[in-house]
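Take a look at the structure set out below.
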Amino acid sequence: MPKSLRILIWLAVAVLGAFALATIALHRGERINAMWLVVAAFCTYGLAYRFYSKFIAAKVLALDPQRATPAERLDNGRDFVPTNKWVVFGHHFAAIAGPGPLVGPVLAAQFGYLPGTLWILAGAVLGGCVQDFVILLFSVRRDGKSLTEMAREEVGRLGGLVAYVAIISIIVILLGVAALIVVNALKNSPWGAFTIAMTIPIALFMGLYLRRLRPGKVLETSVLGFILVMLAIWGGQWASQTPRVAGWFTLTAPTLALLIIIYGFAASALPVWLLLAPRDYLSTFVKLGTIALLALGIIALHPTLHMPPLTRFIDGSGPVFAGNIFPFAFITIACGAISGFHSLISSGTTPKLIRRETETRMVGYGAMMAESMVAIMAMIAACVLQPGTYFAINSPAGIVGQAPETAAATISSWGFPITATEMHSLAQAVGEQTLYNRTGGAPAFAVGMAHIFSNSLGGQAVMAIWYHFAIMFEALFILTVLDAGTRVGRFMVQDALTHVWKPLGRTSWYPSILATSALIVGAWGYFLWQGVKDPLGGINSLWPLFGISNQLLATVALCVATTIIVKMRKARYAAVTLTPLLWLVAVTFTASWHKMFDPNPRIGFLAHAGQLAMGAATAANSRLIFNDRLDAFVTGVLIFMVALILIESAFLWLSVLSGRKQAGVKETAFVPSGFAAEEQG
Amino acid sequence: MNSWNSKFQQLASRLKSCPAIFTAALREIFDESAYARFLARNRLSASRVSYAEFLREHEVAKVRRPRCC
């Protein structure tokens, strides 16, 4: 293609993207079509990938197609396998896409669609994609080493310790919050609870089918599992309409929490092939299919956004969670913009599959763009709802009141009209008794998704099926994260305990398995219980805590990346990782300060504890006060640890730049690539 | 004109390879490829016993693989 034509095409993309962004940013008082968000996103991603990622690849990282990757040098057909770049892309995307990019944007929609959308786009192309790309490449150049190992080798022992603590903390808090989202979605919902309960025997059946009847036929088994899950959704309707069965599955939040804690412990101790692996396959199958279906639904229906670009809650008084746009919008949306957790995957399995160094750009930068697009779709699903409906679903009873009429009146008084009759009709349409006080984002996303799907396929008559399909999809997703996260946490604890007493590190020794499983399940179970008992719905306290810990892990990853860039004598390009690092430091440190010390009891943990202390001295109050102080303590410890790694890194950068310390990175030696030689013929 | 023709042919051949790549990606995500490599590496045929052996070998990697939030 002639160069002039290429320039013209990219100019057209830039103009279209700018026009779409201007449309979503400048329209006031008029509803806009969701396609403007999709167009703005595609143009932003296209330009960022073509120009920014190419600049990073060429100038900062100097990707070398002649250099053999660990997948080529250490190819053992097991861990290290040179794999087609599109296959690695799919594998990497399936690993990074979780419930986070679906839930975060739905919660942040309380500010309106604009702040979240802009953060998702800017955060992804300048932060998240860059983090995933550089960490992937640095891991590839170090034989697939993990983030913790790279932090220890390149920054120092303290760096390794901080990364370890950050990872354990994020796992524990994430699992607690994720379980709370499931509890809030399934409480008093016999249809939802029945469907999710059925996924356990379905997974067990899949495990046995795969091992005994059709060994190795995972795709076939997943399709079979999917059909059974669809039957379970259909059966859920019967269960909810049969009084006796409905009674068994109408569960309160505390009962559900206890059941999930017991399930988490059992799943962690059972053989992997029996429950964890088949659930993982089933969840991945449903996840990939549903994301594709949602994308098609949005494009086919191109719905109108009913949420305004900005709501009155930009002042920090939001009912879903309290706090101003800065910093709270930026910690609420983590996974769709920048997520520290991704650095674990970029330095985990993926680097061991990369065939050519140049492919890290498409896999690292490109897969994160796809994840960011999922977050945009979640934002659309939340914003197609009438704002009154959105706030009625997401506001806790502690804010809007318990009675439907009171809640509807409170929400209407905010300027988002809704009536108790409308909410009752909606609840009936989706097969629920009530949709009030379902904090956590999952039910609002499910209603939005059901709205999009039912308008594309099947009409209003099947809205209840689509709603419960969406709830099943999210709950299945989250419970799989719970299974896998508990195991990963257990292994990490066992790895650490092996230094104390060797048998504790043995992953096949049952006393150690049970003790470490109990430790991890107990830790996240405590946060879950705390959320269930919180009169403000739990999400107000716990989701920001999760966002802070996730972004702090990203801070650690960007610290490691910046250190390596400086040591590579490329300090002039360090802004590529230093800019998102400084932004995250500003966001996480400000958010942490607010969560600990803000005088508003809805924001600050200590202020809330102080307010409770002035009330009656009951056992429930004492527990809430303790929880607030614990949350403040956890936030403080995380911030302190990250401050340590920042200081250690900054000293290292100054030492290298001033020449007091010799620059030099711990990469594996250059070996020429056989694939490159083959290509050159 | 020739260059456009060759570009068109390249594009057509890329499009033709899409289903194969899609299937390969699914097989990789769902560990079917890992099982096939295991069989090839150990010169075994697909059976319950070999699959159980594969699961034993694969278990550690599977459970240590984080799934993102």
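Each value in this text was obtained by applying a stated rule to the coordinates, not by laboratory testing. Only a predicted model underlies this, so the values are computations on that prediction, with no experimental measurement involved. Heads up, the Cβs are rebuilt from the backbone with ideal geometry, glycines too, and the neighbour counts pull from every protein chain shown.
Here are the numbers:
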read-out: Shielding by partners, peptide A:485-494 (average Cβ within 10 angstrom, other chains); value: 2
read-out: Sequence ranges B:21-27, A:620-626, A:430-436, ranked by mean other-Cβ count within 10 angstrom, highest first; value: A:430-436, B:21-27, A:620-626
read-out: Alpha carbon centroid spacing (whole Å) that separates the stretch A:426-472 from the stretch A:594-635; value: 35 Å
read-out: Relative contact order of chain A, pairs being alpha-carbon contacts under 8 Å that are 6 or more residues apart, as %; value: 24 percent
read-out: Peptide-level mean, for A:87-95, of C-beta atoms on other protein chains within 10 Å; value: 5
read-out: Loop-located trypsin sites (Lys or Arg not before Pro) in the stretch A:459-518 whose Cβ has at most 15 other Cβ within 10 Å (DSSP); value: A:ARG506
read-out: Average beta carbon contacts from partner chains per residue of A:208-218, 10 Å cutoff; value: 5
read-out: Alpha-carbon centroids, the stretch A:638-668 and the stretch A:136-202: separation in whole Å; value: 27 Å
read-out: Gyration tensor verdict on the protein assembly as shown (Cα atoms; rounded if a/c is under 1.5, prolate if a/b is larger than b/c, oblate otherwise); value: rounded
read-out: Packing-based order for A:140-153, A:67-80, using average beta carbon neighbours within 10 Å, highest first; value: A:140-153, A:67-80
read-out: Normalised contact order of the stretch A:454-602, rounded percent, pairs of Cα under 8 Å and 6 or more residues apart; value: 12 percent
read-out: With Cα atoms, 0 to 90° folded angle of helix A:218-241 axis to chain A main axis; value: 20 degrees
read-out: Relative packing of peptides A:33-42, A:554-563 - highest average C-beta neighbours within 10 Å first; value: A:554-563, A:33-42
read-out: Cα shape, the stretch A:27-122, gyration tensor, a/c 1.5 rule; value: prolate
read-out: Cα centroid separation - the stretch A:267-342 against the stretch A:75-135, whole Å; value: 11 Å
read-out: Angle between chain A longest axis and helix A:253-269 axis [Cα atoms, degrees, rounded to 10]; value: 40 degrees
read-out: Over the stretch A:178-289, relative contact order from alpha-carbon pairs under 8 Å, at least 6 apart, %; value: 44 percent
read-out: Sorted by Cβ density within 10 Å, fewest first, the residues A:PHE473, A:PHE51; value: A:PHE51, A:PHE473
read-out: Mean shadow area of the stretch A:309-361, taken as a quarter of the surface of its Cα convex hull (nm²); value: 5.5 nm²
read-out: Of A:LYS3/A:LYS567; A:LYS287/B:LYS62; A:LYS666/B:LYS62; A:LYS3/A:LYS570; A:LYS352/B:LYS16; A:LYS570/A:LYS595, pairs whose Cα-Cα distance is over 25 Å; value: A:LYS3/A:LYS567; A:LYS666/B:LYS62; A:LYS3/A:LYS570; A:LYS352/B:LYS16; A:LYS570/A:LYS595
read-out: Spread of Cα-to-Cα distances over 5 Å intervals beginning at zero, given as percent, for the stretch A:569-614; value: 6, 22, 16, 13, 10, 9, 8, 7, 5, 3, 2, 0
read-out: Cα gyration tensor shape for the stretch A:182-234, rounded if a/c is under 1.5, else prolate or oblate; value: prolate
read-out: Unsatisfied cross-links (Cα-Cα over 29 Å) in the set A:LYS145/A:LYS661; A:LYS85/A:LYS661; A:LYS59/A:LYS661; A:LYS54/B:LYS7; value: A:LYS85/A:LYS661
read-out: C-alpha long axis of helix A:276-301 to longest principal axis of chain A, angle in °; value: 80 degrees
read-out: Fewest-first sequence of A:PHE597, A:PHE605 by Cβ atoms within 10 Å of each Cβ; value: A:PHE597, A:PHE605
read-out: Helix-only mean residue ellipticity at 222 nm for chain A, each DSSP H run of n ≥ 4 adding -39500 (n - 2.57), per residue, nearest 500; value: -22000 deg cm²/dmol
read-out: Residue order, fewest to most surrounding Cβ atoms within 10 angstrom, among A:LYS352, A:LYS661, A:LYS567; value: A:LYS661, A:LYS567, A:LYS352
